[in-house]
1. Using beta carbons and a limit of 6 Å, which pairs, at least six apart or on different chains, have the first residue in segment 167-184 and within 19 Å of L206 (Cα to Cα) and in contact (Cβ under 8 Å) with a residue 12 or more places away in the chain and the second one surrounded by fewer than 23 Cβ atoms within 10 Å (Cβ to Cβ) and polar (S, T, N, Q)?
2. Are any of the residues in segment 185-193 in a loop (DSSP other than H, G, I, E, B), polar (S, T, N, Q) and either modelled with pLDDT under 95 or surrounded by fewer than 23 Cβ atoms within 10 Å (Cβ to Cβ) (or both)?
3. Keeping to segment 64-98, report how many residues are surrounded by 15 or more Cβ atoms within 10 Å (Cβ to Cβ), among the small types (G, A, S) and over 18 Å from L238 (Cβ atoms).
4. Do we have any residue at all in segment 144-158 that's closer than 25 Å to P26 by Cα, without any contact (Cβ under 8 Å) to a residue 60 or more places away in the chain and of a type in the set (D, E, K, R)?
5. For M198, all conditions in the list (1) outside any loop (DSSP other than H, G, I, E, B); (2) within 22 Å of Y69 (Cβ to Cβ); (3) aliphatic (A, V, I, L, M) hold save one; what is the number of the exception?
6. Of all the residues that make up segment 168-200, how many are under 28 Å from V33 (Cα atoms), more than 13 Å from ligand 2 (Cβ to nearest atom) and touching a helix residue (DSSP H, G or I) at 6+ places or on another chain (Cβ under 9 Å)?
7. Would you check if A207 is closer than 19 Å to A103 by Cα, buried (at least 18 other Cβ atoms within 10 Å of the Cβ) and within 11 Å of ligand 1 (Cβ to nearest atom)?
8. Looking at segment 150-165, which of the residues that are in a strand (DSSP E or B) and buried (at least 24 other Cβ atoms within 10 Å of the Cβ) is nearest to ligand 1 (Cβ to nearest atom)?
Amino acid sequence: MTGELFPRERAEPGPGAVHVPDWLAPARQRALVEACRAWARPPAGLRTVHLPGGGTMTARQVCLGWHWYPYGYARTAVDGDGAPVKPMPAWLADLGRTAVRAAFPDGGTAAYGADGTTAYGVGGTAHDDGAPVPAYDIALINFYGADARMGMHRDSDEQSTAPVVSLSLGDTCVFRFGTTESRGRPYTDIELRSGDLMVFGGPSRLAYHGVPKVYADTAPPGLGLAGRLNITLRVSGLGG
Ligand SMILES: O=C(O)CCC(=O)C(=O)O
Ligand SMILES: [Fe+2]
């Protein structure tokens, strides 16, 4: 965002949880929005998610790599049109790895699996410097209109303990980051703006989080997006 009096600071709302403001350059944001538009098209496109309790999620969603449904993963849109899930592009998996490195420049235990044993989780490949890096094989793309929200939840349907990578595009939102213990307080409210990166791994991998508020009409004018898009990258640990 322009006109900022002070640059927004990187923040750590929990151990192993990092907010990196303005991580994506405007051109990269535009390219991601375009990619999301293509992914949203059928087959296996944007859908409304119905919860087992009878409710519906107000953010609509499309998946890449593995299709998430409440509460598991499939290779087809089992709660949508039944079509095969779109593939996870290698460049998007790479962006996930790059994001983890940006969030944890020194590596360290915060970047490692919550169990402290598998660096970045299973499926990683050794990088140039020998550090294992995660193989991101899931993308969830959430679209939020002005009244959409996401309740407090944990990302717990994966077998891997690799960090979750979350990219924000479009309207600003309040991202609520809590503890692994409960949906309630204590929590930290963070403003996520277009281009921001949020990564949570290590002891915070299973922390409760949610989106209580989206601020309408706050997207950067040049982005060409009304509403908010969130791209969440995860490592399934489910194997081929
Ligand atoms: O929209 C966001 O920032 C969070 C999305 C999320 O938590 C999820 O998809 O599991
Ligand atoms: Fe989540």
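1. Note: pairs meeting the criteria are F177/T188.
2. No, the conditions are met nowhere in segment 185-193.
3. Of the residues in segment 64-98, 1 are surrounded by 15 or more Cβ atoms within 10 Å (Cβ to Cβ), among the small types (G, A, S) and over 18 Å from L238 (Cβ atoms).
4. No, segment 144-158 contains no residue that is closer than 25 Å to P26 by Cα, without any contact (Cβ under 8 Å) to a residue 60 or more places away in the chain and of a type in the set (D, E, K, R).
5. Checking M198 against (1) outside any loop (DSSP other than H, G, I, E, B); (2) within 22 Å of Y69 (Cβ to Cβ); (3) aliphatic (A, V, I, L, M), the one that fails is (2).
6. 5
7. For A207, the condition - closer than 19 Å to A103 by Cα, buried (at least 18 other Cβ atoms within 10 Å of the Cβ) and within 11 Å of ligand 1 (Cβ to nearest atom) - is met.
8. By that ranking, first place goes to V164.
The values are calculated or read from the model by the stated rules, or taken from the named source; none is laboratory data. As the structure is a prediction and not an experimental result, all values here were calculated from the model. Ideal geometry is used to build each Cβ from the backbone, glycine not excepted, and the neighbour counts take in all protein chains shown.
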